[in-house]
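*Asks:* Sharing a structure, written as structure tokens. Questions coming.
Please treat every number below as a calculation from the coordinates, not as lab data. These numbers come from a predicted model, not from an experiment. In this analysis, Cβ positions are derived from the backbone assuming ideal geometry, glycine residues included, and neighbour counts consider all displayed protein chains.
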Amino acid sequence: MIGRSLGHFEITAALGAGGMGEVYRATDTKLGREVALKVLPADLAADAGRLARFRREAQTLASLDHPGIVTIHSVEEADGLHFLTMQLVAGRTLTELLAAGALPVPEIRRIGSEVAAALAAAHGKGVIHRDLKPANIMVTPDGRVKVLDFGLARREQATTDATADLTMDMTTREGVVLGTLPYMSPEQVRGETADARSDIFSLGSVLYEMAGGRRPFRGTSALELGSAITRDAPEPLSSVRGDLPVELERIIDRCLAKDPADRFPDMTEVAQALRGDPGFLESASSFPAATGRTPGSRRFLLVAIVAVAVVVAAVGLRTLSDGSGGTGDGGIRSLAVLALDNYSGDPAQDYFAEGMTDGLTAYLARISRLRVISRGSAMQFRGADRPPTPEIARILDVDAVVEGSVVRDGDRVRITAQLIDARADRSLWGESFERSSQDVLALQDELAAAIARAILVQLTPDERSRLQEADAIDPEAYDAYLKGRYFFNRPSDENLQKAIARFEEALAISPGFVPALSGLSDAVLWAGYNEGFLTATEARPRARDAAERAIALDPGSAEAWTSLATFRAWYEYDYAGAEEAYHRAIALNPSYSYARDQFAMALAFQGRFAEANAESRIAIGLDPLNPQVHIDASVGLALSGEIAAATDLVRQAEDLDPTYFFPHWSYGWIAIQDGRPADAIPHFERAKTMGASAFVSAWLAYAFGAVGDAEALAAEREDLAALSLRGQVTAFDQALVALGRGENAQALSFLEQAHATDSQWLGWLKSDRVFAPVRSDARFEALLAKVNLAD
């Protein structure tokens, strides 16, 4: 076949053979691209019924749009041969990777969760794999995972090795054995109908092999192997591998349950569990109910009321270790680091105490067996008037809290901390740590490790290594970095400028300081989104360079992977690349709420609303008192038509910070999604009075146009120009104004210009209601394709 042409496909190399036939590398001469070409065996092609079924199934698989699934381009026929054309994927199969033995825990989580996410997408379209095995999982050179061979017809073939991959006829009829024997589910072995839970069992077998370096079930014959699958429990992984986290072993055991009803209910939950999500909620679309506002109440009490509503209505976001808010065995599996008090006697050192709190939170969040509340929520409770510790713990839904103080005296830093059991309101441990300023990172490591020992959490070797590898840092560089974080956590345009300046100051002193690089990327990207003092085009290379440098210097930094992922999603519209990077970040730090929050936004832009809402719920559970997390979570709900739930989340955000303009913009935007532009106007006007960015005026102008108020639209257009950077209205904002005027052709021209000028707003194109008038236009469809949002 090498050198032969089938239609406009020139075969250039053989890639392998499978139950469906020979696989070749080929060149598509029409499109000028390399493809994989699978030629079907003659007996299958000669059976009209099976060929028709094969074509129908191929069409279903071709409709799957997921970065973890190999794309089927077409079903072809030429010279009497029937064949598939597919995406050509470079890389190594999981079988090849496992030849060297078991994989590191982070890789098990990452690869397993990406496979589960791909299967969840297939199951959502009614497609069951039925033959999942390491040979059907490809890992590309850049680490992305692709699942091959989804449920297509197989021909029966003999084998002389009973424990080798025994491939049998792939049908769905009860009474016929399906799949590859070592990875079959018990129901497959018995010839019963296989559903999506059968794929969960097969994934469990693959996970077991990744963790243990061998298959879970063995036998000297096919009969003996089949009997082991249906009757025997595999050897406990804890006896095979001592460093395996308990919760990961439990995940694998649950996947391998003999009874399908005892396995995870769906692949989405498997993916969440493997990523280390702190817990799961009952449904993909329910969010915490909002509470009413209480005029005149003190802010921490208002925060407490809202947070209790979040915790109660969200069903708690329980830990993986035992599935309940308490630990059941008296252990501590969740905690919050409260704001460390500044005892330096100098209010100007508040930023340093806050930075120490942030650093300790980040270090503890790396421990996979702990759920650690994000700093934004924990920092709400500070000073002498904060609620009692048990009340704080109940609001944040944690077992324990860490509190203490920081003293900075010249070149010395001393942190005094204590760990408090929130249920008993008693101190479990307390200690002071003192180091020189240049060893402050090591001090944070030492403190985090001491807390882990105090709560009897066993660190994995990877975690222990991470907590021991802190380098010395120039005190001035670290000081500048802490100031940058301080300003970034309050992201007005003025503070973003200050944050960028401080991060750059830190990097001028210590060019390889990864946290400062990640912080710089995040701050520049945010500034480019607002375009208040940097245009999107000016921000783009700076954000990308900082993120890529951070990854190159420290591939184990969750913050760096999140920065890169967010850049890919918002600037490059590379959602597949962003998803891979978000998964890496979450595997490194399951408690990093910013990664969850931004991942949810990227999923919502793609129309993957159930997944987006699930990630948003986790982000809220990790950072329940952060108004921006609630606002971001409302996006997926509103775009999917769940207006009441979206509005409830925005109301909670407003309750959390009544001075923040963004909730009022969100109220207006949600009203537009609900077809009520008149209701949007007062909300946008209120946001403008609260120091909103210029983009709010563009949305207000659109709303005036939508209700036919041309005079108000014109006035707002002038206001927009006055508020915009250097008096230049962005192309995206001009597109909104044109849509308000009903000038659709002009709006399309502005949207195309927005793409050319690096706008970060084009992720909204796929589902936002404002684009309905141009959605069927060929120019709009072409633009959707450019930003990877075409159906």
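*Asks:* For Ser74, what residues show an amide H to amide H distance below 5 Å, using hydrogens built from the backbone and excluding near sequence neighbours?
*Replies:* Here Thr85 satisfy the definition.
*Asks:* Here is a further query. Taking the Cβ of each residue in Asp397, Asp350 as the centre, tally the other Cβ atoms inside 10 Å and list the residues starting with the fewest.
*Replies:* By the 10 Å Cβ count, ascending, the order reads Asp350, Asp397.
*Asks:* Would you mind giving the average projected area, over all directions, of the Cα convex hull of segment 106-154 in nm² with one decimal?
*Replies:* Its Cα hull, projected and averaged over all orientations, spans 3.6 nm².
*Asks:* Over all distinct alpha-carbon pairs, what is the Kirkwood Rh of segment 663-786 in angstrom?
*Replies:* 14.3
*Asks:* For a quick check: sort Lys133, Lys125, Lys30, Lys688 by the number of other beta carbons within 10 angstrom, fewest at the front.
*Replies:* Lys30, Lys125, Lys688, Lys133
*Asks:* So what's the Cα pair-distance distribution over segment 727-787, bin width 10 Å, in %?
*Replies:* 24, 64, 11, 0
*Asks:* For segment 238-248, in order, what is each residue's ³J(HN,Hα) by Karplus, 6.51 cos²θ - 1.76 cosθ + 1.60 with θ = phi - 60°, in whole Hz (x at glycine and Pro)?
*Replies:* Each residue's phi maps through the Karplus curve to give 4, 8, 8, 9, x, 8, 6, x, 4, 5, 5 Hz.
*Asks:* If you don't mind, another one. So how strong a dipole does segment 663-786 carry about its Cα centre when Lys and Arg Cβ are +1 and Asp and Glu Cβ are -1, to the nearest 20 debye?
*Replies:* Dipole size: approximately 240 debye.
*Asks:* What ratio of Cα Rg to 2.2 N^0.38 Å holds for segment 530-581?
*Replies:* The value comes to 1.13.
*Asks:* Enumerate the calculated ³J(HN,Hα) couplings along segment 578-583 in order (Karplus 6.51 cos²θ - 1.76 cosθ + 1.60, θ = phi - 60°), each rounded to whole Hz, writing x wherever the residue is Gly or Pro.
*Replies:* After applying 6.51 cos²θ - 1.76 cosθ + 1.60, I find 5, 4, 4, 5, 4, 4 Hz.
*Asks:* Of Asp411, Asp439, how do they rank once you tally other Cβ atoms within 10 Å and put the fewest first?
*Replies:* Arranged by neighbour count, lowest to highest, Asp411, Asp439 become Asp411, Asp439.
*Asks:* Still on this structure, I have one more. Read phi for every residue in segment 100-109 and hand back ³J(HN,Hα) as whole Hz from Karplus 6.51 cos²θ - 1.76 cosθ + 1.60, θ = phi - 60°, with x for Gly and Pro.
*Replies:* Per-residue couplings from phi come out as 8, x, 4, 9, x, 4, x, 6, 4, 5 Hz.
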